[in-house]
1. Counting other beta carbons within 10 Å of each residue's own, what order do Asp60, Asp178 fall into, fewest first?
2. Go ahead and estimate [θ] at 222 nm for the chain from helices alone: -39,500 (n - 2.57) per DSSP H run with n ≥ 4, summed, over the residue count, rounded to 500.
3. Quick check: net charge around Val83, other residues with Cβ under 11 Å of its Cβ, Lys/Arg +1 and Asp/Glu -1?
4. Considering only the other residues whose Cβ falls under 10 Å of the Cβ of Gly114, what net charge follows from Lys and Arg at +1 and Asp and Glu at -1?
5. Could you work out the local net charge near Arg435, counting Lys and Arg as +1, Asp and Glu as -1, over the other residues with Cβ closer than 9 Å to its Cβ?
6. Below 16 Å, Cα to Cα, which lysines can Lys352 reach? Residues fewer than 8 away in the same chain don't count.
7. Along the principal axes of its C-alpha atoms, what lengths does region 36-81 span, in descending order and rounded to whole Å?
8. Placing unit charges on C-beta atoms (Lys and Arg positive, Asp and Glu negative, everything else neutral), compute the dipole magnitude of region 364-467 about its Cα centre in debye, rounded to 20.
Amino acid sequence: MLWVFTACKKEELDIAPISTGTTETFYLTETDFIQGSNAIYNSLRTYPDRLINLSETRSDNLYAASVLITQPYDPINAFRTDVVSSNYILTAWNENFNGIFRANIFMDQLDKKGDIVTNVALRNRLRAEARFLRAFFYFDLVRYFGKVPVTTKPVSPLEAEGLGRSPVADVYKVIIEDLQYAIANLPTSYLTTNVGRATKYAAQSLLAMVYMARSGPTYDIEGPGLGLNEWNLALPLLNEVIGSGQFSVNGSYANIFSHTNQSPATNKEAIFSVMYVTGLNPILGASFVSLTVPDAYFTSVLVKPAQLGGAGRPTSYDLYESYENTDERKAFSYILHLSPLGIPGNRPFVKKYLDPTKVPVAITDWGINFIAIRYTDILMLKAECILKGATGTQTDVDNIVNEVRLRAKASKMTNVTLAQLYAERRREFSGEGLRWFDLQRSGNLITTMNNWITAYDELKQIQPVEANWIIYPVPQSQLDAKPGLYKQNLGY
């Protein structure tokens, strides 16, 4: 597993300055190309943090309002327009584009020096991995920002200053073409030394998610939804993954997140994971684990003060109370603790990734992987496609939902509706960063959020949600870098 976040030995691959000739002297051997591929994966390292900061915290899953201490996520949770200066959205913008630039440089060098990789199958696979990752980064960008600059070639800093934002449809065109290439050229699995790299099934899963996002409503903004009816394009891709026989619903919900069940070779829920290793110098572990849990919890498990995480972000009471008493996901996923944010009473916090026996020396160095594409998600996305009009039956939908619920020891359901499916997804994927994107696709984001704010915003800090706030603004620093190059998203 060390390959994912092991940095390249040569600093030239560090992206900036892109226009120098240093990359020309880096790619001299097949090993250099393997290291260059690893460097693209390295840009995934903060992806789970982005999901928690920008999707989970934005949604009705977390009530992260604060009184006693101002928190950096306050503008995100409260829908404040000063979010334009948030480091969280700047990180999402920069890290994704760093990954894209790395992929572009890598493929440019493959074009120029690809013969160094004498194994043609390996050469094609490396290109397919780069195109999968570029699509992954662009999809992350389009879901958060809508229109973004598009480039499939290396650019100099001067050239980058002339790249305006492309229409969402054009961004999707690049994403779809990249994923179609990846599907045609990636293997279905790897031997032990390469476990964790992108596979054909990861590419199929991601392309299905792209078609589903495109099929979501436009909300009259330039966001990820295009109002297309591509549910029947997504369904065959999902069916191929499901029918592959490589993945299955884990018999134990807790075991999906076990620190001792991290290898994608053994965790059959893991279609694609962001891989971490703890205990190295420099730190190559995960920081997302402790983002939602307050310091007081770590103190209670005898963690030294220097290791403490943050204020924590309480889970919404309505989500916490929506689990049946027999549902094992509730006890496993949450810890009740006194909120440090000035909100009265004990609050539930997501702890599903925490193992008190595996606390690292540094709180940003957890050794658990993050499952970015999970098999249960693929099953439930299939149910969503059917309920949106793709080929299938109500029995198919009920069977999928009940497989998920019975695993958790919850009761069976019949005639599952879209609203019930989204509610089940909310329970199943709490803390995994999917909720905001589910709301985008549902067509009910504004109504759902505003009803929730009215009912549960005890501190009256959250603004009523409007359509423009479904996507984030272009970071202010990007607007300031070249005034006039980007037009800010409406509403900011």
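Laboratory data are not the source of any read-out in this text; all were calculated from the coordinates shown. For clarity, every value in this text was computed on a predicted model and none was experimentally measured. Note that each Cβ is placed from the backbone with ideal geometry, even for glycine, and that neighbours are counted across all protein chains shown.
1. In order of increasing Cβ crowding within 10 Å: Asp60, Asp178.
2. Here the helix-only value at 222 nm equals -13000 deg cm²/dmol.
3. Overall, the nearby charge balance is 0.
4. +2
5. Net local charge, Arg435 excluded: -1.
6. Lys330
7. Between the extreme Cα coordinates on each principal axis of region 36-81 lie 45, 21, 18 Å.
8. Rounded to the nearest 20 debye, it is 240 debye.
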